[in-house]
Every structure is written in structure tokens, then in C-alpha cells.
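S.K.: Before I ask anything, here is the structure I am working with.
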Amino acid sequence: TEDVEEVRAEVARSVEQAEAIAPLAKRPARAMTQGDRELELGSLREAEQLFRQAKIRAEEVIEWWERAETAISTAKRMLSEVTGQEGDSMRSILKEAEISLTAEHPKKAFDFANAIPEQLANVGAAVENAAHAVELAQAALGETDGMETSQWEQRLKQASQALEDGEHSLARGLCDGIVREISRERAAID
């Protein structure tokens, strides 16, 4: 009984610290309350397990809650300027992070939210690659002496629109196709 009381006292400190950091987090306190009930009923083993579970939950809140909130707010700020398909995909990841934090799983929330800046960097590279592909397709169209280009020009318009809409993969694919077809035509003419 004395051992369980010592464990309980240590857990109480952790739970208080977790509540100070995240007043909305109730999982550690609920586990501790359940442990208190088991202790009152004389189930020392179950009480100790519940106290240890409360401590694990409290330590997760202590270590990860603020980091998760910071990562989520950073991701929100970064996503406010992103449009298109990639932005929608990352907003769903941000939503998962918020849901995880609401469910009091701050480490999981941090992991989700922390992945967004890296993915945004990859989107930045995709935007640059797509813009470069559009430039290459425009240059290739400029060097099509005597060829029928109306179909390619139409696809270049579609690629430019896709680039504006944030569909970078589509824009790049259309432009790469234009450049390949122009190269094949040139080879056939030669």
C-alpha cells in the first residue's frame, strides 16, 4: 500500500504539471481517478497500473503538447498561402494533426504537423519544375518551323491553366509530352 501511495504521489505531480501545460487534456487525470477508485476498492495492482498509465499520458502531454501546438500553428501559417491539389492534401494532414491533439495524442499530432513544412518544400520544387517545363514547351513551340502546332498550343494553354490551378504534376506532364512530340516530329522530318 505504501508503494502504491508513493507511485500515486509521483503521478499526481506529473498530472498537475500536464494540466498546467494543457488544461484541456483530461486523459491523465481520468486514469488517475480510476486508479484512486481501484485503490479505494483494495485492488492495489490495478491501481498501480492505472497510476502508471496516468503518468505515461501526463509525460506525453508535458513533452509534446506545446511542441504540437507550435507545429500546428506553423503549418497553418504556411498553408494559408498554398492552393491547389497539394494544398488540399496537406490541409487534410493538418486536420489529422488537430484531431490527434484534440484526442490528446500530442506526439502523433506533432508528427503529422511537423511533416507539412517538408512537404511544402517539395511542393515548391514541384512548382519550379512545372514552371520550367512550361518554359521549355514554349521554347520548343517557338522552334517548330512549318509544323502544325495548334494541338500543342492548346495543350500548352491547358498546362498553363493547370500551373495556375496548382496542379503542378499535370502541367509538367502536358509540357513534357509537348516537348517529346516536337522532338519526334523533328526527327521524322530530318
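S.K.: Round to the nearest 10 and give me the degree value, 0 to 90, for the angle of helix 44-79's Cα axis relative to the longest principal axis of the chain.
M.R.: Tilt relative to the chain: about 30 degrees.
S.K.: When we measure straight from the Cα of residue 76, which aspartates and glutamates land under 16 angstrom away, once same-chain ones fewer than 8 places off are left out?
M.R.: Counting by Cα, and skipping residues close in sequence, residue 76 has these aspartates and glutamates nearby: 66, 86, 88, 96, 98, 111, 118.
S.K.: Sticking with this one: Using alpha carbons only, what's the Rg to Rh ratio of the stretch 90-142 with Rh from Kirkwood?
M.R.: When Rh is taken as the Kirkwood radius, the ratio is 1.35.
S.K.: Next question. At 0.692 mPa s and 37 °C, plugging the Kirkwood radius over alpha-carbon pairs of the stretch 131-190 into Stokes-Einstein gives what diffusion coefficient in µm²/s?
M.R.: In µm²/s, the coefficient is 289.
S.K.: Using only Cα atoms, tell me the angle between helix 27-40 and the longest principal axis of the chain; keep it within 0 to 90° and round to the nearest 10.
M.R.: Once rounded, one gets 20 degrees.
S.K.: Report, to the nearest 10°, how far helix 2-21 tilts away from the longest principal axis of the Cα atoms in the chain, using its own Cα long axis and a range of 0 to 90°.
M.R.: 40
S.K.: Now a separate question. Using the heavy atoms of the protein chains and a 1.4 angstrom probe, tell me the accessible area per residue for the stretch 43-189 in square angstrom.
M.R.: Value returned for the stretch 43-189: 59 Å² of accessible area per residue.
S.K.: Under the classification rounded if a/c is under 1.5, otherwise prolate if a/b is larger than b/c and oblate if not, where does the stretch 113-156 fall, given a ≥ b ≥ c as square roots of the Cα gyration tensor eigenvalues?
M.R.: Because a/c hits 1.5 or more and a/b exceeds b/c, the stretch 113-156 counts as prolate.
S.K.: Also: Find the Cα radius of gyration of the stretch 45-118, compare it with 2.2 N^0.38 Å by division, and give the number to two decimals.
M.R.: 1.33
S.K.: Further question on the same structure: Could you tell me what fraction of 2.2 N^0.38 Å the Cα radius of gyration of the chain comes to, as a two-decimal ratio?
M.R.: The reported ratio for this selection is 1.75.
S.K.: In addition: Ignoring everything except DSSP H segments at least 4 long, calculate the 222 nm mean residue ellipticity for the chain; use -39,500 (n - 2.57) per segment, divide by total residues, nearest 500.
M.R.: The helix contribution divided over the chain gives -30000 deg cm²/dmol.
S.K.: Give me the percent of the accessible area of the stretch 41-190 that comes from carbon and sulfur atoms, probe 1.4 Å, all protein chains in place.
M.R.: After summing per-atom areas, the C and S share lands at 48 percent.
S.K.: Of 106, 28, 139, which is farthest on the positive side of the dipole of the stretch 1-157, counting Cα position, with +1 on Lys and Arg Cβ, -1 on Asp and Glu Cβ, and the Cα centre as origin?
M.R.: Farthest towards the positive pole: 28.
The values are calculated or read from the model by the stated rules, or taken from the named source; none is laboratory data. In this text, all values refer to a predicted model and were calculated from it rather than measured experimentally. All Cβ positions, even for glycine, are placed from backbone atoms using ideal geometry, and neighbour counts span all protein chains on display. All accessible areas refer to the heavy atoms of the entire protein, side chains included, with ligands and DNA or RNA removed. Shrake-Rupley method; radii C 1.70, N 1.55, O 1.52, S 1.80 Å.
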